[in-house]
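Take a look at the structure set out below.
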Amino acid sequence: MPVTAARYKVRRDRILFVDVEMTCWEGLPPAGEVSEIIEFGLAEVDVADLFLTRSGSILVRPVRSRLSDYCINLTGIDQDALRSRGRPLSEACNVLRKVWGTANKAWFSWGSDRQAVDEDCAMAGILSPFSSSFHDIGFHFGLMIGAGEAVGLTRAMLMLGLERNGRVHSGENDAVAAAQAWIALARRVRTNLMANAPPKP
């Protein structure tokens, strides 16, 4: 029986923030094409000290769709970039496991990126490289502030007093932004807990 990522023990000292960019169109996709992953953006955070340890991007060559002009303008990824730096999905997943340790780290995204990963891996007949410990922090942020609708990452960062830098819809930039939002939330929680903690006996 194959070993899946879910069977690994999840670390508590490092967590990953992941943003996937996908082929997309201004309207409906052309006949026979489906949206698929073209980039994994990643940012790793040290949980104890709350700082960003590294970030990066892995480009993926699509096999069931082509880049539209709309997608190129949105993501900044063009065919030349995919041709020179893009990897097959299976190879990209191997890099995620070996270089980023995705099988034994909790991973977070601002949205339902896990669904895209699961669907693309299933279509390719490969295992997801990520652990089963997935967290949609965008959803949880909306719950925490009592919002009755989804809260976008840019709006959330403004609410947290953070500045959004870099290109929006760049996988790496979006992963870093999500990490920064989580760090800001974690710092506030820790500060409030320390301030309100009962005195030691």
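Details
- Each residue of segment 124-135 was assigned a 3J(HN,Hα) from its phi angle through the Karplus expression (A = 6.51, B = -1.76, C = 1.60, θ = phi - 60°), giving 7, x, 10, 7, 4, x, 9, 5, 7, 8, 10, 9 Hz with x at Gly and Pro.
- Shape of segment 102-149, Cα gyration tensor, a/c cut at 1.5: oblate
- Amide H contacts of V60 (H built 1.01 Å from N, under 5 Å, at least 5 apart or other chain): E39, F40, R87
- Backbone phi angles across segment 93-99, fed through the Karplus curve with coefficients 6.51, -1.76 and 1.60 (θ = phi - 60°), yield HN-Hα couplings of 5, 5, 5, 4, 5, 7, 8 Hz in residue order; Gly and Pro are listed as x.
- Spin-label pair D69/S84, simplified geometry with 7 Å Cα→Cβ offset, distance in nm: 2.3 nm
- Rounded to 5, the percent of DSSP beta bridges in the chain classed as antiparallel: 70 percent
- Table column - 3J(HN,Hα) (Hz), segment 67-75, Karplus curve with 6.51, -1.76, 1.60, x for Gly and Pro: 5, 8, 4, 4, 5, 4, 5, 6, 9
- Exposure proxy ranking, count of Cβ atoms within 10 Å, fewest first, for E149, E21, E36: E149, E36, E21
- Long-range HN-HN contacts of V47 with modeled amide H, under 5 Å: R14, I15
- Counting other Cβ atoms within 10 Å as a rough exposure proxy, the listed residues V99, V45, V20 run V99, V20, V45 from fewest neighbours to most.
- Labels on offer are (i) -0.28, -0.60, -1.10; (ii) -0.29, -0.64, -1.20; (iii) -0.44, -0.71, -1.13, and the one holding log10 I(q)/I(0) by the Debye sum over Cα atoms at q = 0.08, 0.12, 0.17 Å⁻¹ computed from this structure is (ii).
- Each peptide in 186-193, 91-98 gets a packing score, the mean of other Cβ atoms within 10 Å over its residues, and the list from highest to lowest is 91-98, 186-193.
Quick note: the coordinates plus some simple rules give every number you see, no bench work behind them. Every value quoted in this text rests on a predicted model; they were computed, and no experiment measured them. Virtual Cβ from ideal backbone geometry, glycine too; neighbours counted across all protein chains shown.
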